[in-house]
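Notes to accompany the following structure.
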Amino acid sequence: MRGGQRLFVGGAWAEPEGGHYPVIDPATEETVGWAPEASRDQVHAACAAAREAFGPWSRTAPEERARVLARAAEIIRDRLVPYAELAQRETGATTGTARGMQVGVAVARFRRYARVEPAEWAVPPQINEAGPLGGASVLGALAIRQPVGVVTCVTSYNNPWANPAGKVAPALAMGNTVVVKPAPQDPLSVYRMAQALQEAGVPRGVVNVVSGRSVEVGEAAVDSPDVDMVSFTGSTAVGQRIAEVCGRGMKRQLMELGGKGAAVVFDDADVGAAVAGIGTTFSFYSGQICTAPTRVLAQRGVYGRLVEQLAACAGRLTVGDPREPDTVVGPVISAAHRDRVESYVELGRKEGAVVVAGGERPSHPARGFYVAPTLLADCRNDMRVVREEIFGPVVSVLPFDDEEEAVALANDSDYGLIDYVWSGDVARAFRVARRLRSGGVGVNTVGRNMEAPFGGFRRSGVGRDVGSYALHAYSEVQSIVWPG
């Protein structure tokens, strides 16, 4: 693709009308490649191509759609190393993360939705008395999952493989067609995914990819009259703007938005396990993940030990080039985002938080957008560093006295995506978990069950996906009724 990456519209690779822009490696500040800038007309053309392809694809047998997804999974798996190397250059992820959690998870998601599941189920028959609509009767019913139509998938920068795959695979499995608008910081990986799907036999127009730095590109992908649904992962502020457009057009929404996960640590918790779990905020994507346990609520009996051990954890993590085998914390995505994270740390100081680890820009490497793992202690729940999503390797800790206060503090948030509870009393942990107003709760773990529904309360999103829930998310339910 001489001169830069081309758009993928209607099964063809098209030169972008807006030219190209550089994709920057956040670890070295060097140019990775040149991404295409679509025009509004090109985005609408992609949506029109998806609309034209919807009829034939939605009528394709589910088994054949599954075979296409399975072939795509194998193609991506066979190219895991070069695909991961590109993802690493685009995102700054460590080698293990790029291979296992980015490309590896994408392979797993395509394989997952290559499994055909029943799309219809019987509804118990209803006995009707005679009335204005006719004589007495028994009515049978069948509920059927039908594809929504054309789905615009707006994806996040923190994982240019797993996030798009988690949208595209179930959407295609249900018979939808898609227009993918990747994050502007790292779109090149998503074009590799489109190439793999094309080679796997996806018909023309079923998958389209359009990118750009201009807000107009995303707006066109959402407001096109050919689009029936928008699946978005990103900030709450952008999600609200998308929701307004969807509301005017009565378009279906699936939104995975921001998070400010509370990690409730009781006195009887395994402190080492809690530190290891909370410490993933520093190491996993350098804190650029909405599910991170960034807001730590520690019972007073364990508060001092927890702060001490979290500070030690932050201090011993190797920050540096993500290609080096001993690196644990790579860069954040851009210079602008690094400045944003650093401004929050400074704000925390002004608000009265104590910086017990990090807080200064690393002196090494000399180039790249690095932020030191930072721990803020003695926080209050009214501080902005506690209430707002920072999206970086920054953890805030505040104390609580008893279970009631812990629940009240955890629920006093605009967000509600994933919370966590650490306690040696499993009955109490589950009791507290049920009282937390969040879409998911990890009990003594930060792990995820990849068949469990995923989504948020309040400003953390709308809808649920993952596993079979994603098939529901990308479908409408139709009822067919007949006389028995």
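The values are calculated or read from the model by the stated rules, or taken from the named source; none is laboratory data. This is a predicted model, so every value here is computed, not measured. Note: ideal-geometry Cβ built from the backbone for every residue, glycine included; neighbour counts use all protein chains shown. Surface accessibility is based on the protein's heavy atoms, side chains included, excluding ligands, DNA and RNA. Shrake-Rupley method; radii C 1.70, N 1.55, O 1.52, S 1.80 Å.
Of the conditions (1) touching a residue at least 40 places away in the same chain (Cβ under 8 Å); (2) open to solvent by less than 20 Å² (accessible area, probe 1.4 Å), Val180 clears all except one; give me its number.
Of the numbered conditions (1) touching a residue at least 40 places away in the same chain (Cβ under 8 Å); (2) open to solvent by less than 20 Å² (accessible area, probe 1.4 Å), the odd one out for Val180 is (1).
Mind listing whichever residues of the stretch 104-144 are β-branched (Val, Ile, Thr) and within 21 Å of Leu471 (Cα to Cα)?
Val105, Val107, Val116, Val123, Ile144, listed by residue number.
Within the stretch 394-413, can you find the residues that are under 27 Å from the mean Cα position of the chain (by Cα) and either at pLDDT below 95 or of a type in the set (D, E, K, R) (or both)?
Hit for the stretch 394-413 is Asp412, nothing else.
When you go through Gly287, Gly279, Gly259, Gly249 one by one, which is the residue that is surrounded by fewer than 23 Cβ atoms within 10 Å (Cβ to Cβ) and in contact (Cβ under 8 Å) with a residue 24 or more places away in the chain?
From the options Gly287, Gly279, Gly259, Gly249, the qualifying one is Gly249.
When the residues of the stretch 215-236 are narrowed to those that are in contact with a Ser or Thr (Cβ under 6 Å, 6 or more places away or on another chain) and open to solvent by 10 Å² or more (accessible area, probe 1.4 Å), which ends up farthest from Val180 (Cα to Cα)?
So, considering only residues that are in contact with a Ser or Thr (Cβ under 6 Å, 6 or more places away or on another chain) and open to solvent by 10 Å² or more (accessible area, probe 1.4 Å), the one farthest from Val180 (Cα to Cα) is Gly234.
Arg305: of a type in the set (Lys, Arg) and either in contact with a strand residue (DSSP E or B) (Cβ under 6 Å, 6 or more places away or on another chain) or touching a residue at least 24 places away in the same chain (Cβ under 8 Å) (or both), yes or no?
Yes.
I'm told Val265 meets every condition in (1) buried (at least 22 other Cβ atoms within 10 Å of the Cβ); (2) under 28 Å from Gly33 (Cα atoms) except one. Can you identify the failing condition by its number?
Result: Val265 passes all but (2).
Taking the condition of being out of contact with any helix residue (DSSP H, G or I) (no Cβ under 8 Å at 6 or more places or on another chain) and crowded, with 16+ Cβ neighbours inside 10 Å, how many residues in the stretch 412-429 meet it?
2
Would you mind listing the strands (runs of 3 or more DSSP E) fully within the stretch 71-187 where at least 2 residues are more than 30 Å from Val43 (Cα to Cα) and either β-branched (Val, Ile, Thr) or at pLDDT 95 or above (or both)?
So the answer is 120-128, 137-147.
For the stretch 448-459, state whether one or more residues are free of Cβ contacts under 8 Å to residues at least 60 places away in the same chain, within 17 Å of Ala262 (Cβ to Cβ), of a type outside the set (Ser, Thr, Tyr) and open to solvent by less than 70 Å² (accessible area, probe 1.4 Å).
Yes - at least one qualifying residue is present in the stretch 448-459.
Does the stretch 213-249 hold any residues that are within 10 Å of Val43 (Cα to Cα) and either assigned to a loop (DSSP other than H, G, I, E, B) or of a type in the set (Lys, Arg) (or both), and which are they?
Ser224
With the requirement that a residue be assigned to a loop (DSSP other than H, G, I, E, B) and open to solvent by less than 30 Å² (accessible area, probe 1.4 Å), what does the stretch 1-10 give you?
Within the stretch 1-10, Gly4, Gln5, Gly10 qualify.
List every residue pair whose Cβ atoms sit under 9 Å apart, with the two residues 6 or more apart in sequence or on different chains, where the first one lies in the stretch 353-367 and is over 19 Å from Ala311 (Cβ atoms) and in contact (Cβ under 8 Å) with a residue 60 or more places away in the chain and the second, anywhere, is hydrophobic (A, V, I, L, M, F, W, C) and open to solvent by less than 60 Å² (accessible area, probe 1.4 Å).
Pro365/Ala27; Pro365/Val319; Arg367/Ala27
In the set Asn208, Asn163, which member is in contact with a strand residue (DSSP E or B) (Cβ under 7 Å, 6 or more places away or on another chain), of a type outside the set (D, E, K, R) and open to solvent by 20 Å² or more (accessible area, probe 1.4 Å)?
Asn163
So for the stretch 64-78 (the condition being hydrophobic (A, V, I, L, M, F, W, C), farther than 29 Å from Ile289 by Cα and surrounded by fewer than 24 Cβ atoms within 10 Å (Cβ to Cβ)), does at least one residue qualify?
Yes.
For the stretch 426-467, give me each residue that is part of a helix (DSSP H, G or I) and out of contact with any Gly (no Cβ under 8 Å at 6 or more places or on another chain).
Val426, Ala427, Arg428, Ala429, Phe430, Arg431, Val432, Ala433, Arg434, Arg435
Here's the yes/no breakdown for (1) open to solvent by 60 Å² or more (accessible area, probe 1.4 Å); (2) in contact with an Asp or Glu (Cβ under 9 Å, 6 or more places away or on another chain):
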| position | (1), (2) |
| --- | --- |
| Gln309 | yes, no |
| Ala312 | no, no |
| Val329 | no, no |
| Gly348 | no, no |
| Asp382 | yes, yes |
| Val385 | no, yes |
| Ile390 | no, no |
| Pro399 | no, yes |
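If you take the residues in the stretch 460-483 that are closer than 14 Å to Met229 by Cα and among the hydrophobic types (A, V, I, L, M, F, W, C), which one is most open to solvent (accessible area, probe 1.4 Å)?
Val462
Conditions (1) in contact with a Leu (Cβ under 8 Å, 6 or more places away or on another chain); (2) aromatic (Phe, Trp, Tyr); (3) within 23 Å of Val148 (Cβ to Cβ); (4) modelled with pLDDT under 95, marked per residue:
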{"residue": "Val432", "(1), (2), (3), (4)": "no, no, no, no"}
{"residue": "Ser438", "(1), (2), (3), (4)": "yes, no, no, no"}
{"residue": "Val443", "(1), (2), (3), (4)": "no, no, no, no"}
{"residue": "Val446", "(1), (2), (3), (4)": "no, no, no, yes"}
{"residue": "Gly463", "(1), (2), (3), (4)": "yes, no, yes, yes"}
{"residue": "Ala473", "(1), (2), (3), (4)": "yes, no, yes, no"}
{"residue": "Val477", "(1), (2), (3), (4)": "no, no, yes, yes"}
{"residue": "Gly484", "(1), (2), (3), (4)": "yes, no, no, yes"}
